[in-house]
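The values are calculated or read from the model by the stated rules, or taken from the named source; none is laboratory data. The shown structure was predicted, so the numbers you read here are calculated from the model rather than taken from an experiment. So basically every Cβ, Gly included, is an ideal-geometry build from the backbone, and we count neighbours across all protein chains shown.
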Amino acid sequence: MGVTNNQPFIDYFDQITPKVDDLLKPKSITITDMDGDERKFTIHRFDAMTGKALFDHYIHASLPKISSPMEKMAITNCIMRHVTVDVNNEAHCLGESPAFTSVHVGDMETLVALESEMLAYNTSFLPEGSRSILSLAAGAATDSLLQLISTLSSEQS
């Protein structure tokens, strides 16, 4: 099993570029980065179709050997387009460019924390504690493995 051709999904996520004024339900948060500096962000809800597409592909993109690094990056960029920061009293989407995101997020740990905040804010239907990226991916992988084992067991009987 190798990496699948996910270029249509990458293209789809790259096209999702909401305007700041169109973002839904702003919520101010503060994340402390690796250096102990507080960084302020405003996270927003995804619209229905974007949220569904992200949710469907987020878990898939977390599984090794199934997705490509480019798909993972396209999903992260799409999520970051729903996060704003104030620059000179004007809101800007983090996903304007990878460089803009890097400057305003700072480090990888802060980016992962911000991504986790976005997932939690946009998936209230998940039980508390099961919203983490690893938890979602582990659940999907476990379900797939159990299904495969069941199929193989029934074929051997």
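Only one of the numbered conditions (1) within 13 Å of M118 (Cα to Cα); (2) at pLDDT 90 or above is violated by L54, and that is (2). Contact map, segment 33-57: residues that are farther than 22 Å from V20 by Cβ and touching a residue at least 40 places away in the same chain (Cβ under 8 Å) paired with residues that are outside any loop (DSSP other than H, G, I, E, B) and of a type in the set (S, T, Y), Cβ distance under 8 Å, separation 6+ or inter-chain. Pairs shown: D33/T110; M34/T110.
Kindly indicate whether any position in segment 110-117 is of a type in the set (G, A, S), in a helix (DSSP H, G or I) and surrounded by 13 or more Cβ atoms within 10 Å (Cβ to Cβ). First the steps, then the outcome.
Pass one, segment 110-117, residues of a type in the set (G, A, S): 113, 116.
Then keep just the ones that are in a helix (DSSP H, G or I); that gives 113, 116.
Then drop every residue that is not surrounded by 13 or more Cβ atoms within 10 Å (Cβ to Cβ), which leaves 113, 116.
Yes, segment 110-117 has at least one match.
The condition (being modelled with pLDDT of 85 or more and surrounded by 10 or more Cβ atoms within 10 Å (Cβ to Cβ)) is satisfied by just one residue among T32, T17: T32.
Inside segment 78-100, residues that are in contact with a Ser or Thr (Cβ under 9 Å, 6 or more places away or on another chain), at pLDDT 85 or above and not in a strand (DSSP E or B) make up a count of 4.
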